[in-house]
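Q: Below you will find the structure I want to go over with you.
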Amino acid sequence: MSVIFNLDGTEIRTPEVVNQQEELAEDVKQHVSHLRSGFDELRTYRDDELIKSDWTQVPDGPLDSTTKAAWATYREKLRDLTDEAKAPYWFAEADWPLAPGSSEINPEALMFIKHNDDPLGIATTSWVGLTTNMVQKGNLPGVDAAGIGTDIIGIGATTGLQVGDHLRNDAEFASEGSLIGIVSGITTTSVSLASTSPVDILSNINYFRSDKWYYAQDRPTLTYAVSAGSTSVVAGAGISFTITLTNQVSSQIIEWKTKEVLISKGSLEILPVGTSGIATVNITVPSVTQPDSLTFFIGDGGPGITTTVGVTTA
């Protein structure tokens with residue numbers, strides 16, 4: 001267990017902070033490498049398509065002026081692909097240029113169509129943030145223990161220490177890793193503090209410095225809700241259920257089934273508009289008086305939401 005001392009004075013306890021930083025930094029490195037490879041693949045695809053369609057623009061070519069202009073527009077869109085904010089891997093199908101006469105995307109280009117379910121940012125982030133924080137830089141050896149009120153600390157070596165560093169008792173010996181003070185001066189055998197120490201100084205001191213700090217960002221997750229059009233319905237009448245999806249970036253299959261009375265089941269596909277989707281299910285209630293419920297499932301029998309509606313007689 002380690003403690004992160006935030007610049008705002010708050011503390012975060014987390015296991016193996018150093019390893020966490022290394023892992024997050026590696027995530028960023030891999031993401032950058034992934035994007036770099038993606039741009040290389042996108043440029044290769046673009047260049048191949050341009051070469052294949054060069055014949056459409058020759059002065060004595062067989063195409064009429066309208067068709068030739070359509071190919072020129074297509075080729076311009078190809079050139080613009082690498083400048084798109086969604087490049088290289090997260091193009092929507094509607095954003096991908098189709099060659100004149102084509103009704104569907106070239107199978108060779110499907111790898112560039114949105115396949116990473118990152119509703120916010122469309123995967124332009126590695127989901128690792130970078131900020132500044134007080135980062136532990138080292139440990140001071142040979143410290144002369146002292147009491148509260150001291151502003152000069154004797155130490156065995158000052159290598160690596162800088163004016164402005166924050167000194168804290170080692171958390172192993174002082175559970176809070178209490179702040180001793182800020183370094184205002186350094187000699188070969190001691191350091192002076194900007195103010196007197198508010199705590200006892202132990203023999204093990206760590207020094208911290210404001211530096212870059214990686215943190216994991218939360219990825220938005222797909223969620224959904226179901227609402228009934230009424231809390232009760234006359235037997236023989238119909239009732240609607242509205243399904244609302246949030247953080248949706250790809251089509252989702254919604255299934256529903258009843259428990260006992262309504263005797264209804266089915267499924268439908270919801271396509272996203274932006275990052276949300278909505279659909280309505282209409283069901284006719286048979287001539288019964290008992291309340292029943294429908295359970296809606298998302299995906300392959302995934303988590304279900306149950307909605308109960310009372311049934312009244314006419």
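Q: Answer yes if at least one residue in region 156-171 is buried (at least 18 other Cβ atoms within 10 Å of the Cβ), β-branched (Val, Ile, Thr), part of a loop (DSSP other than H, G, I, E, B) and at pLDDT 85 or above, and no otherwise.
A: Looking for residues that are buried (at least 18 other Cβ atoms within 10 Å of the Cβ), β-branched (Val, Ile, Thr), part of a loop (DSSP other than H, G, I, E, B) and at pLDDT 85 or above, one finds none in region 156-171, hence no.
Q: Related question: Determine if region 175-193 includes at least one residue that is surrounded by 17 or more Cβ atoms within 10 Å (Cβ to Cβ), within 30 Å of residue 23 (Cβ to Cβ) and of a type in the set (Asp, Glu).
A: Among the residues of region 175-193, not one is surrounded by 17 or more Cβ atoms within 10 Å (Cβ to Cβ), within 30 Å of residue 23 (Cβ to Cβ) and of a type in the set (Asp, Glu), which makes the answer no.
Q: Of everything in region 85-133 that's more than 26 Å from residue 25 (Cα to Cα) and among the charged types (D, E, K, R), which residue is modelled with the lowest pLDDT?
A: First pass over region 85-133, keeping only residues more than 26 Å from residue 25 (Cα to Cα): 91-111, 113.
In the following step, the residues that additionally are among the charged types (D, E, K, R) were identified as 93, 95, 104, 108.
Numbers: 93: 82, 95: 85, 104: 86, 108: 85.
Applying the filter and picking the extreme gives 93.
Q: Here's another thing I want to ask about it. I want to confirm something. Restricting to region 21-77 and keeping residues that are charged (D, E, K, R) and in a loop (DSSP other than H, G, I, E, B), which single residue is surrounded by the fewest Cβ atoms within 10 Å (Cβ to Cβ)? Before you say what the answer is, go through the steps one by one.
A: Filtering region 21-77 for residues charged (D, E, K, R) gives 22-23, 26-27, 29, 36, 40-41, 43, 46-49, 52, 54, 60, 64, 68, 75-77.
Checking which are in a loop (DSSP other than H, G, I, E, B) leaves us with 60, 64.
Details: 60: 4, 64: 9.
Looking at residues that are charged (D, E, K, R) and in a loop (DSSP other than H, G, I, E, B), I get 60.
Q: Out of 60, 64, 54, 151, I need the residue that is in contact with a strand residue (DSSP E or B) (Cβ under 9 Å, 6 or more places away or on another chain), over 26 Å from residue 32 (Cβ atoms) and of a type in the set (Asp, Glu). Which one?
A: Working: 60 fails: in contact with a strand residue (DSSP E or B) (Cβ under 9 Å, 6 or more places away or on another chain); 64 fails: in contact with a strand residue (DSSP E or B) (Cβ under 9 Å, 6 or more places away or on another chain); 54 fails: in contact with a strand residue (DSSP E or B) (Cβ under 9 Å, 6 or more places away or on another chain).
Within the list 60, 64, 54, 151, the selection yields 151.
Q: Identify, by number, the condition in (1) at positive phi; (2) under 32 Å from the mean Cα position of the chain (by Cα); (3) in the same structural domain as residue 138 (by TED's automatic domain parsing) that residue 247 doesn't meet.
A: Against the list (1) at positive phi; (2) under 32 Å from the mean Cα position of the chain (by Cα); (3) in the same structural domain as residue 138 (by TED's automatic domain parsing), residue 247 comes up short only on (3).
Q: Would you confirm whether or not region 201-218 contains a residue that is in the same structural domain as residue 163 (by TED's automatic domain parsing), at pLDDT below 85, surrounded by fewer than 15 Cβ atoms within 10 Å (Cβ to Cβ) and of a type in the set (Lys, Arg)?
A: Looking through region 201-218, at least one residue is in the same structural domain as residue 163 (by TED's automatic domain parsing), at pLDDT below 85, surrounded by fewer than 15 Cβ atoms within 10 Å (Cβ to Cβ) and of a type in the set (Lys, Arg).
Q: Also: Only one residue in 226, 233, 183 is in a strand (DSSP E or B) and modelled with pLDDT under 80. Which one? I'd like the intermediate steps shown before the answer.
A: On the way: 226 fails: modelled with pLDDT under 80; 183 fails: modelled with pLDDT under 80.
Sole residue among the options that is in a strand (DSSP E or B) and modelled with pLDDT under 80: 233.
Q: Could I ask something else about it? Which one of these does residue 68 not meet: (1) within 22 Å of the chain's Cα centre (by Cα); (2) at pLDDT 85 or above?
A: The one condition residue 68 does not meet is (1).
The values are calculated or read from the model by the stated rules, or taken from the named source; none is laboratory data. Please read all numbers here as calculations on a predicted model, not as lab measurements. Cβ sites come from the backbone with ideal geometry, for glycine too, and all protein chains shown count toward neighbours.
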